[in-house]
Amino acid sequence: MAVLLEEIVKSVELWLKLIKKPETYVDPNLDPVLLVPGVAGSILNAVHEDTGKEERVWVRILGADAKFRTDLWSFYDPSSGETVCFDPKVKIKVPDERNGLYAIDTLDPDMIIGCDSVYYFHDMIVEMTKWGFQEGKTLFGFGYDFRQSNRLPETLDLLAAKLEAVYNASGGKKINLISHSMGGLLVKCFMSLRSDIFEKYVQNWIAIAAPFQGAPGYVTSTFVSGMSFVNGWRENFFISKWSMHQLLIECPSIYELMGSPDFDWQHIPLLEVWREKLDADGNAHKMLESYSLKESVEILTESLSTNMILHDGMDIPLPFNLEILKWANETREILKNAKLPPQVKFYNIYATGLETPHTVCYGDAENPVADLQKLRYIEPKYVYVDGDGTVPVESAMADGLDAVARIGVPGEHQRVLRDHRLFRSLKHWLKAGDPDPFYDPLNDYVILPTAFEVESHVDKGLQVAALKEEWEIISNDQNKPDELCNGKPLVSSIMLSRVVGDCPSSRAEACATVIVHPQKEGKQHVELNALSVSVDA
């Protein structure tokens, strides 16, 4: 049923010339692009020294949790700042096929159902090849071990070597860096610590959804009780929230994503706990305690003080790691003092429009928290701010750099990488494809607002879904829908029908009405209303 609605939307977009048939061609004049992912955005393989066997441990569906615990669980080595696997005979490797793009394209290449949950840079890679970019010539990827600190020397060495390789492969052209999420912190650390190399090879840096001042609400709740990489039914086939929790407690990169305590927050992120305490007379009082970012460390430390795992027959304690926190604080100072070379242009795209956790609250007036060590078993409540569901807008915008442009794109933290408005900005800044004289990237999401509503329900064998979507179009295309309107709204209908499964009596049908309003002030407003009905046999 959802497939029929998707086909209708694509049909309307084709009719309006919002999307074009892909053309395979290579533009030799394009400057090279290097894509840098964020946390959990690279395929990781485990290499066993005894056997030489190499297998994917992130991301995989079959046997995912068991392999994750065996090969990827780690501990932090304060002498080197590195997180190393519990098994000393296991080394983590990032595959480098397809000039680094394989590791950041689709995180589980074997996944057939629900592959959108493991798509990372896939849609962007496909889109950029339509613009004339060529893998290995002008399009490259940099996957890395995202468990590690963003300033780990080994990671910075690999990025330096990658930049040199891209520069040479493209014939000595300077590079456009495109980072997503935590990849922005990695690039900023590199810019600060390897400034000579950054200045030599990079001409533009485009940061997307970067947590420049951290993701306070998301990371605080992650430290207390973990996080899920996928939601819904896929959790049954993937890494458990608890297993992920135990990994992240020993990851320097996660500590570096904590909210910055020195940033002048407009909305101050807090950790709040409802407690029950006795006064001098022995009477119980319930009260809400609020902790700042610095003060919350004490609560995190107490809540994880008894946390441990069983690995290879041994109990291993995994408390909140104050050694990693010290390292992360030093990283934060490096990020704060980073300077952009004068000849490098910086662009910041942040995602907006979603409720994003900011202040985290445990317990309530009716159910106060009696024991902080039980905190990780309590579902938190949040105070939300605007953002992408993970990174607050306030954090993403506070890059501390001299940006050519900062634009907001409505969308979710990872799915924004597939957004057509983001693609349009990238295409403009990379000078790819045909020029668009009507395009102003600073106002893109205002010029092209998208309304999207979908509802569905099931009743007595009928599955019904309704979709409403709207576009604002600016185009210099000579074959405009407006020419068909004669100054009046144009109304058209589309219908689709298909048999579901092998039973002819089980069908799905969808119909849609499209209204194209006359062009006004250079804008074309289009409304799509669609209804899909599936009848079970």
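The values are calculated or read from the model by the stated rules, or taken from the named source; none is laboratory data. A quick note: this is a predicted structure, and the numbers were derived from the prediction, not measured. For neighbour counting, all protein chains shown are included, and Cβ atoms are generated from backbone atoms with ideal geometry for every residue, glycine included. Surface accessibility is based on the protein's heavy atoms, side chains included, excluding ligands, DNA and RNA. Shrake-Rupley method; radii C 1.70, N 1.55, O 1.52, S 1.80 Å.
From Ser179, Ser192, grab the single residue that is closer than 24 Å to Leu335 by Cβ and open to solvent by 20 Å² or more (accessible area, probe 1.4 Å).
Numbers: Ser179 fails: open to solvent by 20 Å² or more (accessible area, probe 1.4 Å).
Being closer than 24 Å to Leu335 by Cβ and open to solvent by 20 Å² or more (accessible area, probe 1.4 Å) holds for just one of Ser179, Ser192, which is Ser192.
Any idea how many residues of segment 170-195 are part of a helix (DSSP H, G or I), out of contact with any strand residue (DSSP E or B) (no Cβ under 7 Å at 6 or more places or on another chain) and under 17 Å from Cys251 (Cβ atoms)?
So the answer is 2.
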What tally of residues in segment 135-159 results from selecting those that are buried (at least 16 other Cβ atoms within 10 Å of the Cβ) and more than 24 Å from the chain's Cα centre (by Cα)?
1
Can we say Ile407 is in contact with a Cys (Cβ under 7 Å, 6 or more places away or on another chain), β-branched (Val, Ile, Thr) and open to solvent by less than 40 Å² (accessible area, probe 1.4 Å)?
no
Could you pull out the residue among Leu375, Leu442, Leu417 that is at pLDDT 75 or above and out of contact with any Asp or Glu (no Cβ under 7 Å at 6 or more places or on another chain)?
Leu375
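Looking at Lys173, Lys162 in this structure, which one is among the basic types (Lys, Arg) and more than 28 Å from Ala46 (Cα to Cα)?
Numbers: Lys162 fails: more than 28 Å from Ala46 (Cα to Cα).
Answer to the check: Lys173.
Quick test for you: out of Leu325, Leu310, pick the one residue that is in a strand (DSSP E or B) and not β-branched (Val, Ile, Thr). Steps first, please.
Numbers: Leu325 fails: in a strand (DSSP E or B).
The match here is Leu310.
Just a yes or no: is a residue in segment 341-358 over 21 Å from the mean Cα position of the chain (by Cα), open to solvent by less than 30 Å² (accessible area, probe 1.4 Å) and in contact (Cβ under 8 Å) with a residue 60 or more places away in the chain?
Residues of segment 341-358 over 21 Å from the mean Cα position of the chain (by Cα): 341-345.
Applying the additional criterion that residues be open to solvent by less than 30 Å² (accessible area, probe 1.4 Å) yields 341, 344.
Now restrict to residues that are in contact (Cβ under 8 Å) with a residue 60 or more places away in the chain: 341, 344.
Yes, segment 341-358 contains at least one residue that is over 21 Å from the mean Cα position of the chain (by Cα), open to solvent by less than 30 Å² (accessible area, probe 1.4 Å) and in contact (Cβ under 8 Å) with a residue 60 or more places away in the chain.
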When every residue in segment 494-519 that is among the small types (Gly, Ala, Ser) and within 17 Å of Ala465 (Cα to Cα) is compared, the one modelled with the lowest pLDDT is Ser506
Is it fair to say Pro109 is part of a loop (DSSP other than H, G, I, E, B) and over 20 Å from the mean Cα position of the chain (by Cα)?
no
Would you confirm whether or not segment 267-274 contains a residue that is open to solvent by less than 20 Å² (accessible area, probe 1.4 Å), modelled with pLDDT of 95 or more and within 25 Å of the chain's Cα centre (by Cα)?
yes
